[in-house]
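Participant: Please find one structure pasted underneath; my questions will follow.
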Amino acid sequence: MEDVELVVRTVLADVLGNGVEAADIHRDRDMEDYGLDSLKGVSLLLGIEDALGVELRPELLETRPCTVRTVCEHLLSLPSRGT
């Protein structure tokens, strides 16, 4: 999970672009607290998809709270692609 979590944190930090570093993002804090809105949410999903080669549905970001942990748990529950 650590590798997936690092990807999610890194992409989130890049998308936020407000000086938040990946290491500063707490896994259990709602992403809205960091300033994630719907437009940035789409960018987050696209960045994760590109980095991990998966397809994600926008509904993933409707989970409350939407945290790094909940996104990672979802990613880890996806069927393996054999990579």
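Participant: Filter the stretch 16-27 down to the residues that are assigned to a helix (DSSP H, G or I) and within 16 Å of V71 (Cβ to Cβ) and list them by number.
Facilitator: Selection gives L16, A22.
Participant: Among the residues of the stretch 14-26, what is the count of those that are in contact with a Gly (Cβ under 9 Å, 6 or more places away or on another chain) and of a type in the set (A, V, I, L, M)?
Facilitator: The number of residues fulfilling the criteria is 3.
Participant: Taking interchain pairs and intrachain pairs at least six residues apart, which have beta carbon atoms under 8 angstrom, with the first residue in the stretch 46-61 and over 15 Å from E73 (Cβ atoms) and the second among the hydrophobic types (A, V, I, L, M, F, W, C) and surrounded by 11 or more Cβ atoms within 10 Å (Cβ to Cβ)?
Facilitator: G47/V11; G47/V15; E49/L56; A51/V7; A51/V11; P58/V42; P58/L45
Participant: Give the residues of the stretch 3-26 that are of a type in the set (A, V, I, L, M, F, W, C) and buried (at least 16 other Cβ atoms within 10 Å of the Cβ), sorted by residue number.
Facilitator: V4, V7, V8, V11, L12, A13, V15, L16, V20, A22, I25
Participant: Moving to a separate point now. Could we say that C72 is in contact with a Leu (Cβ under 9 Å, 6 or more places away or on another chain) and among the hydrophobic types (A, V, I, L, M, F, W, C) here?
Facilitator: Answer is no for this residue.
Participant: May I ask you to list the residues in the stretch 28-76 that are in contact with a Lys or Arg (Cβ under 9 Å, 6 or more places away or on another chain) and either loosely packed, with under 12 Cβ neighbours inside 10 Å or not in a helix (DSSP H, G or I) (or both)?
Facilitator: D28, D30, G53, V54, P65, T67
No value in this document is a laboratory result; all are computed from the given coordinates. Please read all numbers here as calculations on a predicted model, not as lab measurements. Please note: Cβ atoms are built from the backbone with ideal geometry, for glycine as well, and neighbour counts cover all protein chains shown.
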